[in-house]
1. Would the stretch 21-28 turn up any residue that is part of a strand (DSSP E or B), over 14 Å from Asp212 (Cβ atoms), aliphatic (A, V, I, L, M) and in contact with a Ser or Thr (Cβ under 9 Å, 6 or more places away or on another chain)?
2. Kindly list, by first and then second residue, each pair from a residue in the stretch 159-188 that is closer than 17 Å to His200 by Cα and surrounded by 15 or more Cβ atoms within 10 Å (Cβ to Cβ) to a residue that is aromatic (Phe, Trp, Tyr) and modelled with pLDDT of 90 or more, limited to pairs with Cβ atoms under 6 Å and residues at least 6 apart or on different chains.
3. Could you run through the stretch 212-238 and say how many residues are in a loop (DSSP other than H, G, I, E, B) and without any contact (Cβ under 8 Å) to a residue 24 or more places away in the chain?
4. Residue check, Ala198 against (1) out of contact with any Phe, Trp or Tyr (no Cβ under 9 Å at 6 or more places or on another chain); (2) at pLDDT below 90; (3) part of a helix (DSSP H, G or I), all met but one. Which one?
5. Specify the residue that is farthest from Glu236 (Cα to Cα); the eligible residues are those in the stretch 272-285 that are in contact (Cβ under 8 Å) with a residue 40 or more places away in the chain and within 21 Å of the chain's Cα centre (by Cα).
6. Can you tell me which residues in the stretch 239-253 are assigned to a helix (DSSP H, G or I) and either under 20 Å from the mean Cα position of the chain (by Cα) or of a type outside the set (A, V, I, L, M) (or both)?
7. Any residue in the stretch 55-68 that is under 23 Å from Leu201 (Cα atoms), surrounded by 17 or more Cβ atoms within 10 Å (Cβ to Cβ) and of a type outside the set (D, E, K, R)?
Amino acid sequence: MSGRNFDHRKRWLVVRIKELAENFAIDVCAYAVMSNHYHLVLHVNQDQLGQWSDEEVTRRWTAIFPNNAKLVETLGLNRKSKAAQKQLRDRLEEWRRRLGDISWFMRCLNESLARRANREDECTGRFWEGRFKSQALLDEKALVTCMAYVDLNPIRAGISDSLENSDFTSIQERLIVEAKKEKNCSHRQQKLLKRRAAQHLLGRQAARWQSDVFTINEMPGYAGERLPISQRSYVEVLTSTAKALAMPPSEKEKALAHLRDRPGVLGEIGIVPDSWLDAVRNFDRYYAQAAGSETSLINFHQHRIKFGERFKHPDKWIRGRTSARHLFGSAG
């Protein structure tokens, strides 16, 4: 152990996530930055991407890659050259695709932090252990459960004892945004708005060109409507879950009773407390490429076969079905 504190790098990461979200057609639903890894829940906003003009695509892409601005200017000046104009159209189409691509979002995020950390350490070479791992969230139950799993990371790891003290998480950011709106803040909100570790979300450092975490009330559901939960009910169930997670294993029934008395989001999206508590503890262990109900996993598997993916036994085994039954019930 070096004995050095690297919390400033956590701030770098959160700020960069918010900068990229402001320019990509990608919304940040949840995040948690830990000591040696981080979690992100992202939503690709295809509707927004399709509405952008070529000028908007250029503005956003060159905000991320300023060196490309000169290329756009040069190609734009050669209006009489068909080759130059075709090259410009091809670049714009490519940039539009990339602005809706999670892989490009992650590339811009990880490379940025790696270069900055290496400069600080005066070294070169690999910074991250490997490529990021991604997982498709197929329905509302999977989305909300995964968001809670991410937001509760510091509490589950024993680093924090409350949502307000869970630094570098989206739930702390949501609570800060809510506290800023209050005219008469509670004592807990006042403490939160003065928290040193959250200064990147407060005051002058919280720049306007950084995107806020995706508002829960505005998140699209999977049936074309809004996600059927509110921020208030989400915060309430996380607060209850945090208390349940803090209880020793011998008091499991007490923890479950605590959640049954305050169903909130669980009642709204149909997850029983036993499954919920297990999911927010072990969500990362249950699924592979996709997470969701058994029906969602079956549909996802059939979609992959339809679009050309080959499996040795396509009809016999879909990874995650057993976990889906355990967490969300069997397919009807």
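The values are calculated or read from the model by the stated rules, or taken from the named source; none is laboratory data. Keep in mind that what you see is a predicted model, and the values were worked out from it rather than measured. Positions of Cβ are generated from backbone atoms using ideal geometry, with glycine treated the same way; all protein chains shown enter the neighbour counts.
1. Checked against the condition, which is being part of a strand (DSSP E or B), over 14 Å from Asp212 (Cβ atoms), aliphatic (A, V, I, L, M) and in contact with a Ser or Thr (Cβ under 9 Å, 6 or more places away or on another chain), the stretch 21-28 yields no hits at all.
2. Filtered contacts from the stretch 159-188: Ser170/Tyr31.
3. First, pick out the residues of the stretch 212-238 that are in a loop (DSSP other than H, G, I, E, B): 212-215, 219, 221-225, 227-230.
Among the residues that remain, those that are also without any contact (Cβ under 8 Å) to a residue 24 or more places away in the chain are: 215, 223-225, 230.
Summing the residues that are in a loop (DSSP other than H, G, I, E, B) and without any contact (Cβ under 8 Å) to a residue 24 or more places away in the chain in the stretch 212-238 gives 5.
4. (1)
5. Asp284
6. Taking the stretch 239-253 as the starting set, the residues that turn out to be assigned to a helix (DSSP H, G or I) are 239-246, 249-253.
Result: Thr239, Ser240, Thr241, Ala242, Lys243, Pro249, Ser250, Glu251, Lys252, Glu253.
7. Checking the stretch 55-68: at least one residue is under 23 Å from Leu201 (Cα atoms), surrounded by 17 or more Cβ atoms within 10 Å (Cβ to Cβ) and of a type outside the set (D, E, K, R).
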